[in-house]
Amino acid sequence: GENVEQHPSTLSVQEGDSAVIKCTYSDSASNYFPWYKQELGKGPQLIIDIRSNVGEKKDQRIAVTLNKTAKHFSLHITETQPEDSAVYFCAAKGGGADGLTFGKGTHLIIQP
Amino acid sequence: KAGVTQTPRYLIKTRGQQVTLSCSPISGHRSVSWYQQTPGQGLQFLFEYFSETQRNKGNFPGRFSGRQFSNSRSEMNVSTLELGDSALYLCASSPPGQGTHEQYFGPGTRLTVT
C-alpha cells in the first residue's frame, strides 16, 4: 500500500517568514494530494489539494507543488501569521481502493 | 451549509465493552469515511461507505465495523474494546461526482478506554 513520509516534525519560523513542509509518497499510481490543518480540539481542515496532472497550485498565501518523477510534494506558506500555528498533515490517495494515507504531521510554530 | 457532525464528542468506556459512534455528513454528500487518530500511529483509514455499501476497508481487525443509512448518516461500532482503541475517531464526507476525492472532516469523537 501507499506510504507517506513528512518532514520536519516540528517547524518554528518567525512571523512574516515563509514555511515549507515536505512529503514523499511511495505509490506511483497516487493521483490526489491534499493538505490539512488541524488545530487543537478540532478535526483536520482541508486547506489545499493538488492532482497528479498539475505541478503547482496556489491559494493566496498557500501553495503546493508536486514532483511526480521524484514522488514528492510540498506545502509553502508565505507571510506567516500567528493563526497559522497548528499541525499540518499531508496525504495521498493511492491507486488502489484505500482511503487517504497521511503523513505523521508537522507542528508549525509561528514565533512573534 | 453545516459541516460534518459527530456524536458524541467525548466517550469513556471500559475494556470489553462496545461502543457506537455516529456521523452526519455535509448535506448532499453521499460518501463517508472513518479514520482513527492516535499520537503513535497518526491518522489511519478505517473504512469508507457509499450508498449504504462499504466501498473500501483499511487494515483494522473485525472488531471495527460500520454501516451507512439511506440518508447517508453513518455509524461505526467497536466491539470488545481494548485499551489501545483509545483514540480520536474522525468522520469525513466527500461531495458527489466522478473522481471527487476531497474529504471534509468532522470534529471527531474522543474515545477513552479504561
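Observations on the model:
- Residue check for B:Tyr104: farther than 14 Å from B:Gln36 by Cβ and aromatic (Phe, Trp, Tyr): yes
- Selection of first residues in the stretch B:8-28 that are of a type in the set (Phe, Trp, Tyr) and of second residues that are assigned to a strand (DSSP E or B), restricted to Cβ pairs under 7 Å at least 6 apart or on distinct chains, gives the following pairs, ordered by first then second residue: B:Tyr10/B:Arg110.
- Taken over the stretch A:80-104, the criterion of being of a type outside the set (A, V, I, L, M) and crowded, with 22+ Cβ neighbours inside 10 Å is satisfied by A:Tyr88, A:Phe89, A:Cys90, A:Lys93, A:Gly99, A:Thr101, A:Phe102, A:Gly103.
- Residue match in the stretch A:57-67 (condition: among the polar types (S, T, N, Q), touching a Ser or Thr at 6+ places or on another chain (Cβ under 7 Å), free of Cβ contacts under 8 Å to residues at least 40 places away in the same chain and not in a loop (DSSP other than H, G, I, E, B)): yes
- Within the stretch A:68-97, the set of residues being within 14 Å of chain B (Cβ to nearest Cβ) and either touching a residue at least 60 places away in the same chain (Cβ under 8 Å) or not small (Gly, Ala, Ser) (or both) comprises A:Val87, A:Tyr88, A:Phe89, A:Cys90, A:Ala91, A:Ala92, A:Lys93, A:Gly94, A:Gly95, A:Gly96.
- 1 or more residues at positive phi: qualifying strands (runs of 3 or more DSSP E) within the stretch B:1-81: B:42-50
- Scan the stretch A:83-112 for residues that are touching an Asp or Glu at 6+ places or on another chain (Cβ under 7 Å) and not in a strand (DSSP E or B) and the total you get is 6.
- When residues in the stretch B:47-87 are screened for being within 13 Å of chain A (Cβ to nearest Cβ) and over 16 Å from B:Val113 (Cβ atoms), 12 of them pass.
Residue by residue, here is whether (1) surrounded by 18 or more Cβ atoms within 10 Å (Cβ to Cβ); (2) closer than 28 Å to A:Trp35 by Cβ; (3) β-branched (Val, Ile, Thr) holds:
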{"site": "B:Arg15", "(1), (2), (3)": "no, no, no"}
{"site": "B:Thr38", "(1), (2), (3)": "no, yes, yes"}
{"site": "B:Phe50", "(1), (2), (3)": "no, yes, no"}
{"site": "B:Gln54", "(1), (2), (3)": "no, yes, no"}
{"site": "B:Asn71", "(1), (2), (3)": "no, no, no"}
{"site": "B:Tyr89", "(1), (2), (3)": "yes, yes, no"}
{"site": "B:Ala92", "(1), (2), (3)": "yes, yes, no"}
{"site": "B:Gly97", "(1), (2), (3)": "no, yes, no"}
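Since every read-out is calculated from the coordinates, none of them should be taken as a lab result. Bear in mind the structure is a predicted one, so any value in this text is a computation, not a measurement. Reconstructed Cβ throughout: ideal geometry from the backbone, glycine too, with neighbour counts over all protein chains shown.
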